[in-house]
């Protein structure tokens, strides 16, 4: 009978009982015996992290009737939002096509076309000429390459101009009736005002969405990321204490486990737990590891940035790092939206020359955007762990 699989958690696991419950559920799903290795009490002090996160001030729902939100000036915020070079000709072609289409619809197909009907008509060439002339003065529209926004700008501009010459309107714009220089000047002025209106609406929308997104990222994802960084910093400083905790838990099952190739340990590890497992398996005095499954882990990332030492050589371009025989088999799971998950197969080679097995974990909409903690409840993760831990030297099912 094999020894149990030891499960090492990652960052921000402060509740020992909660972690033990998660491991019990994973053991049932994977159909292998597991022992939780809890080291969270040695991690960063994270109870006051929220005090360091900036708050979103002047959120619309907190405003009084007499107040208005303090929107950021378009410069430099607009430049930060739309930082890619924009092809003005392509922008204007989108506006042009939508504007002409809308003016055509406004004519309702009646005889005479856009210029010859009985009612006053608008010359699309003239309007596009004014738009082209005034386009550079817009702060937001001139920075976007979004086709939908540009097309809607053209449609909205055309509709507003059609409304101005509608004879059935309550207050038709008589200044657009007739011919001559005065009419052209009034039309140009009207195009300018409507473009300015549309530009302000676009700017207000972008800033409002940006502010809310900023707030959501900081409040929803910020604490998780910050706790990750905090525990990483503590682990870097107190690595020996964390390793001693892992060794202590293993010794409580049997002191021979992991001491030699004759009785290697099996480990499943999440996030920073995977870094801990690789560090211990490749140390000068290693934790002999038969099978390692990491999920949402950063061992390769850390080694590329800062070589881990022990028996590992630094990584060089196109020169994978050879792992010692003390790490026999490694399967690494990553979820596509997990920004804290990294691949291992390009950075490392096992002792037999093969690469660690990188397996993508399909994203489930129910997990939301912060997926770093989602692995525990995913059936595929449990299935892979079960496969790896039950098989000797064979690849897990894909």
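The values are calculated or read from the model by the stated rules, or taken from the named source; none is laboratory data. Quick caveat, the model's predicted, so the values are computed rather than measured. We place every Cβ from the backbone using ideal geometry, glycine too, and count neighbours over all the protein chains shown.
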Just one of 44, 29, 22, 59 is farther than 30 Å from residue 386 by Cα and either modelled with pLDDT of 95 or more or surrounded by fewer than 16 Cβ atoms within 10 Å (Cβ to Cβ) (or both); which is it? 59
Yes or no: segment 85-99 includes at least one residue that is under 30 Å from residue 386 (Cα atoms), out of contact with any strand residue (DSSP E or B) (no Cβ under 7 Å at 6 or more places or on another chain) and at pLDDT 90 or above. no
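So which of 275, 265 is surrounded by 14 or more Cβ atoms within 10 Å (Cβ to Cβ), in the same structural domain as residue 288 (by TED's automatic domain parsing), farther than 18 Å from residue 19 by Cβ and in contact with a helix residue (DSSP H, G or I) (Cβ under 8 Å, 6 or more places away or on another chain)?
Values: 275 fails: farther than 18 Å from residue 19 by Cβ.
On inspection, the qualifying residue turns out to be 265.
Kindly indicate which of 344, 382, 355 is in contact (Cβ under 8 Å) with a residue 12 or more places away in the chain and within 22 Å of residue 31 (Cβ to Cβ). Steps first, answer last, please.
Numbers: 344 fails: within 22 Å of residue 31 (Cβ to Cβ); 355 fails: within 22 Å of residue 31 (Cβ to Cβ).
That would be 382, the only listed residue that is in contact (Cβ under 8 Å) with a residue 12 or more places away in the chain and within 22 Å of residue 31 (Cβ to Cβ).
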Of 268, 299, the only residue that is at pLDDT 95 or above, touching a strand residue (DSSP E or B) at 6+ places or on another chain (Cβ under 7 Å) and under 25 Å from residue 375 (Cβ atoms) is 268
State whether the residues of segment 255-263 include one that is closer than 30 Å to residue 378 by Cα, assigned to a helix (DSSP H, G or I) and free of Cβ contacts under 8 Å to residues at least 60 places away in the same chain. no
